[in-house]
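Undergrad: Have a look at the structure that comes next, please.
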């Protein structure tokens, strides 16, 4: 449980949430006290024999726990009670609108599916890794305190839309894309980004591929069109957008870039960033029919 998830809104609901799971025989809970502690707590849970972990939090919490599971080498399932700002991973699992009681019922039923994950700079990601405008929006969102939920990312994206200068990117691994000035590059496992944006509408967590989307830099009018299109998932096919499915890709920037990884801002280890898909790596508990 991450009490800081969703900017702390989950904190008051934790007693009722514990009760919901306790009624179904799930009594062991771990609560984070500092940012990033999820991975350490999940590792501890796995070491003492737990084989299903339920993340109560947002995409960052889920990503941290997934890294603990995948590094352990143990067969362990991941479920999520959505409590974050964007909840993109919960959307992938089809539980974004689920109550804790409904998630608990899914866990008790025990059905799981193996999904793909991405790998960048030695870390696994469940949903997306973004460069350029995406990382800039995430950084700006940390300064927005008067909104909540998807509105945080929409507002932050709008403010950056008119000021972000773009970035140079060289690409290896995608035919027809070599070098250029780009607004953004997203590398996705799931379809959603920032809660409101359907950034990779054709992505599948079962196909063993990364869905890459290149947004060429453009004028303000075209940027606004891209913004609206990305919310609807209709930006694919626009003149300034190129998408591709790949096993792996390498991106080179003028200097080590910031990158958005499952809703968290990270600094790349070098100016060349390599990403790859790891097929069927993670067992997850999802709503019936949600995993595609």
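The values are calculated or read from the model by the stated rules, or taken from the named source; none is laboratory data. Here the structure is a predicted model, which means the values were calculated and not measured. Because the Cβ atoms are built from the backbone with ideal geometry, glycine has one as well, and the counts that use them run over all protein chains shown.
Undergrad: I want to confirm something. Restricting to the stretch 11-60 and keeping residues that are closer than 18 Å to residue 99 by Cβ and in contact with a strand residue (DSSP E or B) (Cβ under 6 Å, 6 or more places away or on another chain), which single residue is surrounded by the fewest Cβ atoms within 10 Å (Cβ to Cβ)?
TA: Within the stretch 11-60, the match that is surrounded by the fewest Cβ atoms within 10 Å (Cβ to Cβ) is 54.
Undergrad: Pick from 140, 196: which is more than 22 Å from residue 96 (Cβ to Cβ), under 22 Å from the mean Cα position of the chain (by Cα) and at pLDDT below 85?
TA: 140
Undergrad: Further question on the same structure: When the residues of the stretch 181-193 are narrowed to those that are assigned to a loop (DSSP other than H, G, I, E, B) and crowded, with 24+ Cβ neighbours inside 10 Å, which ends up modelled with the lowest pLDDT?
TA: So the residue we want is 192.
Undergrad: Quick one: in the stretch 61-88, which of the residues that are in a strand (DSSP E or B) and touching a strand residue (DSSP E or B) at 6+ places or on another chain (Cβ under 7 Å) is surrounded by the fewest Cβ atoms within 10 Å (Cβ to Cβ)?
TA: 77
Undergrad: Right, here's the next one. Which of (1) in a helix (DSSP H, G or I); (2) in contact (Cβ under 8 Å) with a residue 40 or more places away in the chain is the odd one out, the single condition residue 230 does not satisfy?
TA: (2)
Undergrad: Of the numbered conditions (1) assigned to a loop (DSSP other than H, G, I, E, B); (2) over 27 Å from residue 103 (Cβ atoms); (3) out of contact with any strand residue (DSSP E or B) (no Cβ under 7 Å at 6 or more places or on another chain), residue 290 satisfies every one except a single condition; which is it?
TA: (2)
Undergrad: Let me ask you something else. Just the residues that are part of a loop (DSSP other than H, G, I, E, B) and either more than 17 Å from the chain's Cα centre (by Cα) or surrounded by fewer than 17 Cβ atoms within 10 Å (Cβ to Cβ) (or both), please, taken from the stretch 199-227.
TA: Answer for the stretch 199-227, where residues must be part of a loop (DSSP other than H, G, I, E, B) and either more than 17 Å from the chain's Cα centre (by Cα) or surrounded by fewer than 17 Cβ atoms within 10 Å (Cβ to Cβ) (or both): 202, 206, 207, 208, 217, 218, 219.
Undergrad: Here is a list: 274, 260. Which entry is outside the structural domain of residue 67 (by TED's automatic domain parsing), touching a helix residue (DSSP H, G or I) at 6+ places or on another chain (Cβ under 6 Å), assigned to a strand (DSSP E or B) and closer than 24 Å to residue 122 by Cβ?
TA: 260
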